[in-house]
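**Student:** Next up is a structure, given as structure tokens.
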Amino acid sequence: MNIETPGGNKQEPGPYQPVMPRTWWLQHRYFRFYMLREATVLPLLFFIGCLLYGLYCLSLGETQWQHWLAFMAKPWVVLLNLLAFAASLFHAKTFFELFPRVMPLAPPGLMIAGQWLATLLVATGLTLLLGGWL
Amino acid sequence: MNDTTQAKRSDEPVWWALFSAGGVCFAVVVPGAILALALLPAFGGFSADNLSYPRISALLHDALWGLAGLAFIGSVICLPLFHAAHRIHHGLHDLKLGGGLLSKVLCYGSAAALSLLALYLIS
């Protein structure tokens, strides 16, 4: 950007004004990855919305609860929840790899494996509980 | 040193702590919750009786004196809501759509309001 000088010389550069278009993050693979991870919370919000709706239905009684179960089985809801599941695993991968770098308590590989084990244990526990095996 | 030049204490550590705690829950608890509440029932992994109204109601309100339901709501709804609020607040700034006080109040405010709603619904 040029500024007017007293001599009328427009060639002289003015103060540096960095240009930052709204699409800056599309310009590099690393930034696209960053934005994709930021976006993992969008399908997460959908799943949380489903749960809030479920709690509301549960508070209304058995008939409404049956409506919620039917709602959760609709193909578009299942599809968005599949997306939320994938997003949660993607977030988990980046989060687990970050932890040993922020707080190196043990060899990184061991810490990452330990965190995946925690996720697996919770998933197994919830599946056994809600599936009626516990 | 003296009271007049003391810097204003930032509130960022609070939001950062909630974001981190929510991130742990999003990574460790949420995948299992989606699997057990949304995917496995939809794909026929469970029989419908296991998600019946009396059973879920009892699990949520009575298991471990109600602490199990509270832990579930906290780790799958409340903390992940604050995680999402933080990412959206900063994501809006990245997209040059916000990031100021308005988006901060809206993002963390809705996370707090929806968390209270969830706690109210199980109370």
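The values are calculated or read from the model by the stated rules, or taken from the named source; none is laboratory data. Please read these numbers as outputs of a predicted model, since none were measured by experiment. Here the Cβ positions follow ideal geometry from the backbone for every residue, glycine too, while neighbour counts run over all protein chains shown. Surface accessibility is based on the protein's heavy atoms, side chains included, excluding ligands, DNA and RNA. Shrake-Rupley method; radii C 1.70, N 1.55, O 1.52, S 1.80 Å.
**Student:** Hey, what angle do you get for helix B:12-28 against the long axis of chain B, alpha-carbon based, 0 to 90 degrees rounded to 10?
**Tutor:** 30 degrees
**Student:** Read phi for every residue in the range B:35-40 and hand back ³J(HN,Hα) as whole Hz from Karplus 6.51 cos²θ - 1.76 cosθ + 1.60, θ = phi - 60°, with x for Gly and Pro.
**Tutor:** Values, residue by residue: 4, 7, 9, 10, 7, 4 Hz.
**Student:** Chain B: longest stretch without exposed trypsin sites (Lys or Arg not before Pro) (DSSP loop, at most 15 other Cβ within 10 Å), sites themselves excluded?
**Tutor:** B:10-95
**Student:** Ballpark to the nearest 100 Å², how much total accessible area do A and B bury together, probe 1.4 Å?
**Tutor:** Answer for the A-B pair: about 4600 Å² buried.
**Student:** When Cβ neighbours within 10 Å are restricted to other protein chains, what is their mean count per residue of peptide A:39-45? Kindly include the intermediate steps, with their values, before the conclusion.
**Tutor:** Values: counts 3, 4, 12, 4, 1, 9, 8.
That average works out to 6.
**Student:** Ignoring the sites themselves, what is the longest stretch of chain A with no trypsin sites (Lys or Arg not before Pro) in a DSSP loop and at most 12 other beta-carbon atoms within 10 Å?
**Tutor:** Between the exposed loop sites, the longest stretch runs A:23-134.
**Student:** Now a separate question. I'd like the orientation of helix B:101-122 relative to chain B: the angle between its Cα long axis and the longest Cα principal axis, in ° from 0 to 90, rounded to 10.
**Tutor:** Between helix and principal axis, roughly 30 degrees.
**Student:** Summarise the accessible area of the protein assembly as shown (1.4 Å probe, protein heavy atoms) by the percent that is carbon and sulfur.
**Tutor:** 70 percent
**Student:** With the cut-off at 1.5 for a/c, could you classify the range B:18-123 from its C-alpha gyration tensor as rounded, prolate or oblate?
**Tutor:** Here the range B:18-123 falls in the prolate category.
**Student:** Mind checking the per residue accessible area of the protein assembly as shown for me, 1.4 Å probe, whole number of Å²?
**Tutor:** Heavy-atom SASA per residue in the protein assembly as shown reads 59 Å².
**Student:** Where in chain A are the helices, taken as whole DSSP H runs, whose Cα atoms extend 30 angstrom or more along the long axis and whose Kyte-Doolittle mean reaches at least -0.5?
**Tutor:** Passing helices, by number: A:75-102, A:108-130.
**Student:** Let me ask another. Once a ≥ b ≥ c are taken as the square roots of the eigenvalues of the Cα gyration tensor of chain A, is the result rounded (a/c under 1.5), prolate (a/b larger than b/c) or oblate (a/b not larger than b/c)?
**Tutor:** oblate
**Student:** Using a 1.4 angstrom probe on the protein heavy atoms only, could you order A:TRP24, A:TRP68 from most to least accessible area?
**Tutor:** The ordering from most to least exposed comes out as A:TRP24, A:TRP68.
**Student:** Using only alpha carbon pairs under 8 Å that are at least six residues apart, calculate the relative contact order of chain A and give it in whole percent.
**Tutor:** Answer for chain A is 15 percent.
**Student:** Please give the helix B:79-94 orientation as an angle from the longest Cα principal axis of chain B, in degrees from 0 to 90, rounded to the nearest 10.
**Tutor:** 50 degrees
**Student:** Residue by residue through B:76-83, how many Cβ atoms from other chains fall within 10 Å of the Cβ on average?
**Tutor:** 3
**Student:** Can you give the calculated 222 nm mean residue ellipticity of the protein assembly as shown, where each DSSP H run of n ≥ 4 adds -39,500 (n - 2.57) and the sum is split over every residue, rounded to the nearest 500 deg cm²/dmol?
**Tutor:** Result for the protein assembly as shown: -21500 deg cm²/dmol, rounded to the nearest 500.
**Student:** Quick one: Cα centre-to-centre distance for the range A:117-134 and the range B:1-74, in angstrom?
**Tutor:** Cα centres, the range A:117-134 to the range B:1-74: 15 Å.
**Student:** Tell me the chymotrypsin sites (Phe, Trp or Tyr not before Pro) within the range B:1-99 that lie in a loop according to DSSP and have at most 14 other beta-carbon atoms within 10 Å.
**Tutor:** Sites meeting the loop and neighbour criteria: B:PHE43.
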